[in-house]
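Okay, so here's the structure we're looking at.
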Amino acid sequence: MSQDRLAIHTITTKAWDLPTAVKKYAAANVPGIGVWRQWLDGRPLTESKALLDDHNIKPASLVRGGFFPGLTETERQAALDDNRSALDEAAAIGANQVVLVCGAKPELSLPENRKQITEGIAACIDHAASLGVKLAIEPLHPMYSDCRSAINTIGQCNDIIDQLGDAHIGIAADVYHIWWDPQLEQEIQRAGKRIIGFHVCDWLTPTTDFLNDRGLMGEGCIDIKYIRTLVEAAGFVGPIEVEIFSDRHWARDPDEFLTDIIDAYEKHVLSDSALKPPKH
Ligand code: ZN
């Protein structure tokens, strides 16, 4: 099986700083990386880019921007400034997209949160265009709609992109957030090549922590192979990013975890799905 499209988010191997992660991924023939912004702290961006280039590791994404809603104009403006910085960082390390966790304030209504998100994304388009970096909207599972994201389905992403255009905006489809959606097939078809990111992990039963208890692919109930066939039928050919927040896996030997990630990727992501994508 080929690892050509495999990318791993730095948060997945949380114990490793960027120099270590890059070295370990390269040694394991993992060609891609999802770079969380904290992993860029403490060294010039040019040095981080050189680290990636020297090891021939390609950044699939910069994670993350977003968090657009605010209770005050000052707060909303600070969010825009931060998103423009994220776009600058992505361009500096050669990542073609910033993943947007769009944000939400429990003090605001869902429609108001969604309005502010749409306005926030719109306000970043010119900067994204000037850098050639895309804004990748990641819908989050609705359990996070109070304070992490009021954008919860691929359908909502499609609606925003219908409104704002798809030249500089795409969708990051994370199986953890979208697997439950009864409209998934139709909305992935509707999205087509708007899907520019694909994140994998698994949903555990029971889930003991809503943030840091994601499963390794194959440990849970998500038909990852099927969702992969759906996004590929829609035209997605990009990297497949392993993004696992897990106190359980983070407590393990990271080298062993990396070996298991590669094994799980081959068995539970790449191999053929028993289900076939709908013909269209
Ligand atoms: Zn994700």
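The values are calculated or read from the model by the stated rules, or taken from the named source; none is laboratory data. These figures come from a predicted structure and were not determined experimentally. So basically every Cβ, Gly included, is an ideal-geometry build from the backbone, and we count neighbours across all protein chains shown.
Can you tell me how many residues in the range 164-180 are touching a Ser or Thr at 6+ places or on another chain (Cβ under 8 Å) and near the ligand (Cβ under 9 Å from one of its atoms)?
Matching residues across the range 164-180 total 1.
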Name every residue in the range 250-267 that is without any contact (Cβ under 8 Å) to a residue 60 or more places away in the chain and either crowded, with 20+ Cβ neighbours inside 10 Å or within 16 Å of the ligand (Cβ to nearest atom) (or both), in order of residue number.
Ala264
Flag for Leu51 being under 30 Å from Gln116 (Cβ atoms) and either in contact (Cβ under 8 Å) with a residue 12 or more places away in the chain or assigned to a helix (DSSP H, G or I) (or both)
no
Do the conditions hold for Ser85, that is, is it modelled with pLDDT under 95, of a type outside the set (Lys, Arg) and surrounded by fewer than 18 Cβ atoms within 10 Å (Cβ to Cβ)?
no
Log entry, pairs with first residue in the range 130-152 being under 15 Å from Lys115 (Cα atoms), second being more than 15 Å from the ligand (Cβ to nearest atom) and among the hydroxyl-bearing types (Ser, Thr, Tyr), beta carbons closer than 8 Å, six or more apart or on different chains, reads Asn152/Ser145
Number of positions in the range 163-214 that are touching a residue at least 12 places away in the same chain (Cβ under 8 Å) and among the hydroxyl-bearing types (Ser, Thr, Tyr)
2
Quick check on the range 193-214. Is at least one of its residues more than 16 Å from the chain's Cα centre (by Cα), modelled with pLDDT of 95 or more and assigned to a strand (DSSP E or B)?
yes
I'd like to check something: does the range 215-229 contain any residue that is touching a residue at least 60 places away in the same chain (Cβ under 8 Å) and assigned to a loop (DSSP other than H, G, I, E, B)?
no
Of all residues in the range 1-54 being aliphatic (A, V, I, L, M) and within 16 Å of the ligand (Cβ to nearest atom), which is farthest from Phe257 (Cα to Cα)?
Val35
Regarding the range 127-134, can at least one residue be identified that is over 18 Å from Ala78 (Cα atoms) and under 16 Å from the mean Cα position of the chain (by Cα)?
yes
